[in-house]
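Remarks on the structure that follows.
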Amino acid sequence: MVVYQGLVLDAIKFEDQVNASKHINFLYDDVERHYHVITNVTGAMGKRYVCRSCNKICRSDITYVCDQTCSDCINSPPCDFSDVRFPCDVCNRHFRCRTCFANHKQRTTNTKSVCEHKRSCVTCGALVTRENQQCNERYCQNCGANRAAGHLC
């Protein structure tokens with residue numbers, strides 16, 4: 001449960017640190033002394049994506065790195081490591097445990113699974129989150145194209 005003082009992410013009045021599958025967000029109204037339920041945090045805050053684990057803003061749930069979520073399947077809390085890594089033939093990545101493998105196949109909020117968004121290039125091994133990836137090149141946010149590593153715009 002998270003209680004916001006205002007419609008900005010930094011205005012957290014109370015945050016419960018319980019590991020639960022369900023989250024509920026409230027907006028506290030000082031004038032009426034009432035708690036309003038926030039059904040869509042990203043819509044209420046006017047942001048693209050808000051991490052459910054750490055309440056930070058980012059562009060996408062697929063590319064965001066948070067120490068409170070699993071880096072492989074993007075679930076919170078992070079999956080436990082097992083002695084054996086589980087490979088996926090579709091995305092060419094390896095996962096921490098059977099649960100992590102199953103989680104990466106499930107659809108996320110944007111109707112695609114992590115398996116459909118993230119893959120490892122068979123040739124160069126680079127992590128790919130875009131369809132137009134080319135080996136030994138990375139996507140440059142400034143110029144919006146694939147460029148050689150170390151490229152300066």
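Within segment 62-75, how many residues turn out to be modelled with pLDDT of 75 or more and surrounded by 17 or more Cβ atoms within 10 Å (Cβ to Cβ)?
First pass over segment 62-75, keeping only residues modelled with pLDDT of 75 or more: 66-75.
Keeping just the survivors that are surrounded by 17 or more Cβ atoms within 10 Å (Cβ to Cβ) gives 66, 69-70, 72-75.
Number of matching residues: 7.
Please work out if GLN133 is surrounded by fewer than 13 Cβ atoms within 10 Å (Cβ to Cβ) and modelled with pLDDT under 75. Against the criterion (surrounded by fewer than 13 Cβ atoms within 10 Å (Cβ to Cβ) and modelled with pLDDT under 75), GLN133 does not qualify. Figure legend. Inter-residue proximity from segment 23-42: first residues more than 12 Å from GLN5 (Cα to Cα) and polar (S, T, N, Q), second residues modelled with pLDDT under 85 and in a strand (DSSP E or B), beta-carbon distance below 7 Å, spacing 6+ or different chains. Indicated pairs: THR42/TYR49; THR42/VAL50. Residue check: is ASN92 surrounded by 17 or more Cβ atoms within 10 Å (Cβ to Cβ), under 22 Å from SER120 (Cβ atoms) and of a type in the set (S, T, N, Q)? It is false that ASN92 is surrounded by 17 or more Cβ atoms within 10 Å (Cβ to Cβ), under 22 Å from SER120 (Cβ atoms) and of a type in the set (S, T, N, Q).
The values are calculated or read from the model by the stated rules, or taken from the named source; none is laboratory data. The structure presented is a predicted model; accordingly, all values stated were derived computationally and were not measured. Virtual Cβ from ideal backbone geometry, glycine too; neighbours counted across all protein chains shown.
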